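Let me begin by presenting the structure, written as structure tokens, before commenting on it.
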Amino acid sequence: MSAAYATFALAPATRAGAVLADGGYQVHRDFVDFVVDGRPLLFRLADLDAVSPLASDVPPAIFTAQVRALLLEAEPPLPDGRFVLYGCPECADLACGAVTAVIERDGDDYVWRDFAWQTGEHADLERDGYHGMGPFRFHGPGYRAALAALAGDAGGPPAPRRVLLVGARVAVLARLAAALRGIGVGADITQDAAAVPAEELSGYGAVLFGHAVGEAERTAVRRAFERAGVEVACVDGLAPIVPLLVAQIEHALDRSPLPRRRLTALAAAGTAADLEVASPCRVRVTAYRLGRLHRTRAHEVFDGILEPGRHRVPLDAGAVRGRSFVVARTSGSVLVEPVTRGNSGRP
């Protein structure tokens, strides 16, 4: 076992929610990720849609129990001293698959080793092990301090943020609010944020303005949040297309620094979209437009694994006819851009 030390830290992370093309939902999850040697551990797992057990929507007692387990103050949940590091974001059922590892003490150090993909009671390291990953040795004091601070921070990570929807098209906002709630993001509709108490405004992470909202109304809403001392992301709705607006909101709710995002740039022009990814990951690209009678038209233009770097994705001319938009997403990052006419430019 290597005697070299790795650094250990914790950082907020998001599994972005979505309204899927078939009408289904992908749940939004806020969680705390493990950062090893300055890089999210999840990024070492190329095509994995998963969250850690340190999620914001678990009860405080269970959250604290998860922290105690990582500190080896509780029994491992799986045989052979194995702990779940990442699980299914929809149901957390082991049968869906989970990334597990042995966590043990070696003197004052903590060691994570024998990483594996596990779907049953026991892991098959030869078949399902993440060979070449770890072991990681962490200095005990720093490891314990990071987890103890998390446990002492009001019993866990911040509660999921809500979204305030401001606009005149109540029917569109109602559908959007229902979609957001369907993916696990709270949403409220108003036309006058000045009447909302400051303590309630503090629960919002983003405000979405509809097209019909004038500048005076937008300014009044921003000032209401400023008076309450609340930093909020303001989103200008691009079009009355619910999946598109959901993607815009998911992007606004992502406060993680750019170096800790997988999807870092997107541009769309003519019949091509250019995007940039920071680590190997699955990327899905969808084009949206309003057809006749203002019906939403969605076209899946790409779904595959991309290596780090810049990539060009062709866009079908029919999919981006007229006023159209492109959404690119990984499991944790979402970017939205309108399609401009003319030649495509690199991001």
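Below is a table of values for the structure above.
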quantity	calculated
Rounded to 10°, Cα long-axis angle of helix 60-70 versus longest principal axis of the chain	50
Where the chain is the region considered: accessible area per residue in Å², 1.4 Å probe	46
Ellipticity estimate at 222 nm from DSSP helix runs (n ≥ 4, -39,500 (n - 2.57)) divided over the chain, nearest 500	-6000 deg cm²/dmol
Residues Arg39 and Glu226, FRET efficiency given R0 of 25 Å [Cβ-Cβ distance, rounded to 0.05]	0.10
Spin-label zone in region 288-304 - amide nitrogen under 15 Å from a point set 7 Å from the Cα of His211 along the C-beta vector	288-297
Cys residues of the chain counted as unpaired, since no other Cys beta-carbon is under 4.7 Å	Cys91, Cys234, Cys281
Förster-model FRET efficiency, 45 Å R0, Ala65 and Ile305, C-beta, rounded to 0.05	0.80
Segment Asp108-Arg218, length gained on full extension (0.36 nm per residue, minus Cα span)	34.1 nm
Between helix 140-152 and the chain: long-axis angle, C-alpha atoms, 0 to 90°, nearest 10	50
Rounded tilt (10° steps) of 242-253 against the dominant C-alpha axis of the chain	50
Candidates Gly167, Gly291, Gly205, ranked by Gaussian network fluctuation over the chain, Cα under 10 Å, top entry	Gly291
Gaussian network model of the chain, springs between alpha carbon atoms under 10 Å - residue of Arg39, Arg29, Arg227 with greatest fluctuation	Arg227
Accessible area of region 118-269 belonging to carbon and sulfur atoms, whole % at 1.4 Å probe	53
Taking region 8-153 and dividing mean pair separation by its residue count, relative contact order in percent (alpha carbons under 8 Å, at least six apart)	17
Residues with amide H under 5 Å from that of Val51, placed H, sequence gap 5 or more	Gly87
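The values are calculated or read from the model by the stated rules, or taken from the named source; none is laboratory data. Since this is a predicted model, take the numbers as computed values, not measurements. Every residue, glycine among them, receives a Cβ derived from its backbone with ideal geometry; neighbour counts consider all protein chains shown. We work out accessible area using only protein heavy atoms, side chains counted, and drop any ligands, DNA or RNA first. Shrake-Rupley method; radii C 1.70, N 1.55, O 1.52, S 1.80 Å.
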